[in-house]
Structure formats: structure tokens, C-alpha cells
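All of the numbers you see were taken from the coordinates with simple rules; none came from a lab. Because the structure is a prediction, the values reported are computed rather than measured. Note: ideal-geometry Cβ built from the backbone for every residue, glycine included; neighbour counts use all protein chains shown.
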Amino acid sequence: MIEGLKLRARHLKAEIYALYLAYRDPRVPWYARVFVACVVGYALSPIDLIPDFVPVLGYLDDLIVLPLGLSIALRLIPAEVM
């Protein structure tokens, strides 16, 4: 189970970096750039919507917001860029 979580964390890190690279491509529309900048900023920022010391909810926002933001951002970016 721990190995599966580590693998998912590595994939998540790679997806964030791929979004950053796609953000810099001129073929990406402006609205996708704004959304990608927000997702990457949230992923790299030490500031959370709900602080992590709040039981359950602190980590739940990271488990929901980040993957949801990634999936929406990947849909906004043209396939040939990704």
C-alpha cells in the first residue's frame, strides 16, 4: 500500500511538471494558462485551503482539489501540446 502511494505521488509530481511545461507553450489558450497557473501554484504552495492540522479535512482538500484541478487542466490543454 505504501509503495502504491509513493508511485502515485511520483506520477502526480510528473503531471504537475508536465502542466508547467504545457503552460509555456504558445498553442495553449489564455484561459487554460490561467487555470494551469492556479493548479500548479496550489500544488507548489505551502498554503492550503484548509490547514493540514485540521483532522481529516486538512488532507482531504489536497486529495480532492489537486486531482480534480489536474483533470480539468488536462482537458483544457490541446492534446497535441500534451
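Return the pairs, sorted by first residue and then second, in which the second residue is outside any helix (DSSP H, G or I) and surrounded by 14 or more Cβ atoms within 10 Å (Cβ to Cβ), the first residue lies in the range 49-72 and is of a type in the set (Gly, Ala, Ser), the beta carbons are less than 9 Å apart, and the residues are 6+ apart or on different chains.
That search, which allows pairs on different chains as well, returns Gly58/Asp48; Gly58/Ile50.
For the range 30-82, how many residues are of a type in the set (D, E, K, R) and touching a helix residue (DSSP H, G or I) at 6+ places or on another chain (Cβ under 7 Å)?
Restricting attention to the range 30-82, the residues satisfying the condition of being of a type in the set (D, E, K, R) are 33, 48, 52, 61-62, 75, 80.
Next, only the ones that are touching a helix residue (DSSP H, G or I) at 6+ places or on another chain (Cβ under 7 Å) stay: 33, 48, 52.
Summing the residues that are of a type in the set (D, E, K, R) and touching a helix residue (DSSP H, G or I) at 6+ places or on another chain (Cβ under 7 Å) in the range 30-82 gives 3.
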